[in-house]
1. If you check Pro12, Pro24, which single one turns out to be surrounded by 20 or more Cβ atoms within 10 Å (Cβ to Cβ), within 30 Å of Thr342 (Cα to Cα), touching a Lys or Arg at 6+ places or on another chain (Cβ under 9 Å) and in the same structural domain as Lys120 (by TED's automatic domain parsing)?
2. Cβ-Cβ under 9 Å, sequence separation 6+ or interchain: first residue in region 47-59 and surrounded by fewer than 21 Cβ atoms within 10 Å (Cβ to Cβ), partner at pLDDT 95 or above and not hydrophobic (A, V, I, L, M, F, W, C). Which pairs?
3. Please return the ranges of strands (runs of 3 or more DSSP E) entirely within region 361-479 where 2 or more residues are touching a residue at least 40 places away in the same chain (Cβ under 8 Å), of a type in the set (D, E, K, R) and within 28 Å of His188 (Cβ to Cβ).
4. Can you go through Gly317, Gly343 and tell me which one is part of a loop (DSSP other than H, G, I, E, B), surrounded by fewer than 23 Cβ atoms within 10 Å (Cβ to Cβ) and modelled with pLDDT under 95?
5. Leu17 is checked against (1) buried (at least 21 other Cβ atoms within 10 Å of the Cβ); (2) in a loop (DSSP other than H, G, I, E, B); (3) hydrophobic (A, V, I, L, M, F, W, C) and fails just one. What number does that condition carry?
6. Can you name the number of the only condition in (1) touching an Asp or Glu at 6+ places or on another chain (Cβ under 9 Å); (2) modelled with pLDDT of 95 or more; (3) farther than 30 Å from Ala310 by Cα that Gly174 fails?
Amino acid sequence: MQLNVGILGESPGWRSLLQQEGVPYSPVGEEIPSDRYSVVAVGSSIDERDAEGLRAFAKNGGAVLCSAKIYAQLADTNYAHFFVRYLFPETDSAFDQVGLIDVHRKCRVPLNANALRNEKGATTTFAGEFLGGHAAVLPFDVDDIFLDHRSTQKSFYSPARRLPFERVSVVSRGNARKLISRALAILHHRRGLPYVHLWYYPRDVESVFAFRVDTDRGTAEEIENLYQLAHHHRVPMTWFVDTKSQQEVFPFFKRMENQEFGIHCFHHKVFDEYEENRENLGKALEMFRLENLAAKGFAAPFGKWNKGLARATKELGFAYSSEFSYDYDNLPSQPFFEDKLTGVWQIPVHPICIGSLKRQGYNDVRMTQYFEFILRQKLAAREPLIFYHHPKDGHHRVLEHIFTYVDSHRVPSMKFLEILQWWKKRVETTLRVAVEGNHVNVEAHGGSEDVFLHITKGDGTEVFSPLHADIHLEALQWEPKPKFIPWPADYLRCRKFNYRIPLTRAVDLLAR
């Protein structure tokens, strides 16, 4: 039995998602044998011939992952159609760890939905039996969600009364990805199969830590103090330089040890058009060249992202970029637009920084409580720990707490370029995986010795393994998966109206 996700129909969203997840996948041919595909993920449209093939696949015990529109066609039923702001799992549900998924669009909801409630309390997603096999049915089409480039202001949960906020991508791509990951695992387990995918981090570490600094007019003293803190805690930071305002700081940048440097801007703004963005970034790159500094990465002012900026970063040769108005709290990916990959990887960060908390009047204690909550949740969910900061924002005691927390949990620290280099090795690893009894047979090409497999079973246990050709499941040391940390009872207040958002925007406009 092959462990292989078939993609039926052309779907850049499915390809991107399955690449992030690290599962073997391939296009579905004219036939869909139930022993060649462990799950079939379906694109946005199918014809009746495809539908007949999927029905036969399910009747033979196969598993289908699709939208409610496709499910209605397969099951000869209907769906509800209404606007959905967000999805949220119930406690102790099969999807409890996926968290809050912002959608903000009209959705098609299966009539037999049994999971993930929307803002009105209605279930939106189905997972269960279908024609003798199994199905997981989503209230959205994957391409609609993962090709959505809108951004908006969002509040983020905090233990404190005042909620911080930031302009970020409308869709919670990170949590939507976790929903897909969980659905894939459930479907494999219900077929009596282990779920096998490439682990998200080197070897078997539970996460990685990275710290980004947008230098935003920071003085030489502020930058040196922050560097000394990083040096003391052995944290290799990635600095995105505000070049126009910090020409006098370049000599100090060049003396730093074990740090990475990227471009933030020349003029501290993002333009709508490609030409202006290219000119702005080109000036910053020229300053780096004159100082004999190299820059492979870029992070835009205010976390903004648009197609003109994406084109400029590609044509100027950047390897990666990092903008939370495109994505946040997620694994690396490449954006799509005009049916093509941009060629520039995105490395998402957590969008709330100390500066965001300062604007809400947080002191050191409340800031520490906020970041400790985020760190706990992320570690339990095996998310990357990637944060950002500005030298002018200070509060080094809070940073020390973050660094100490990460170190105490033995999470390795990496620079952004190191994350990208490792991630590309992972992406270049091609897999063929098959199960025969208690053996997993693996044929792997590319990658490296620190690319591991993550294997889970339906009983809630997991194991990590190097890419060995023959993995004997019974000989492995299975452990329970990390215990889920329940969401606070008042968690959804972060999706209620936050009057501080329009108030702060008004104050900002008056201050210009």
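1. Exactly one residue qualifies, and that residue is Pro24.
2. Pairs that qualify, where the first residue is surrounded by fewer than 21 Cβ atoms within 10 Å (Cβ to Cβ) and the partner is at pLDDT 95 or above and not hydrophobic (A, V, I, L, M, F, W, C), are Glu48/Gln73; Ala51/Gln73; Ala56/Gly62; Lys59/Gly132; Lys59/Gly133.
3. Of the strands (runs of 3 or more DSSP E) lying wholly inside region 361-479, those with at least 2 residues that are touching a residue at least 40 places away in the same chain (Cβ under 8 Å), of a type in the set (D, E, K, R) and within 28 Å of His188 (Cβ to Cβ) span 430-436.
4. Working: Gly317 fails: modelled with pLDDT under 95.
On inspection, the qualifying residue turns out to be Gly343.
5. Going through (1) buried (at least 21 other Cβ atoms within 10 Å of the Cβ); (2) in a loop (DSSP other than H, G, I, E, B); (3) hydrophobic (A, V, I, L, M, F, W, C) one by one, Leu17 breaks only (2).
6. (3)
The values are calculated or read from the model by the stated rules, or taken from the named source; none is laboratory data. In this text the structure is predicted, and so the values were computed from the model without any measurement. Every residue, glycine as well, gets a Cβ built from its backbone with ideal geometry; the counts of neighbours run over all protein chains shown.
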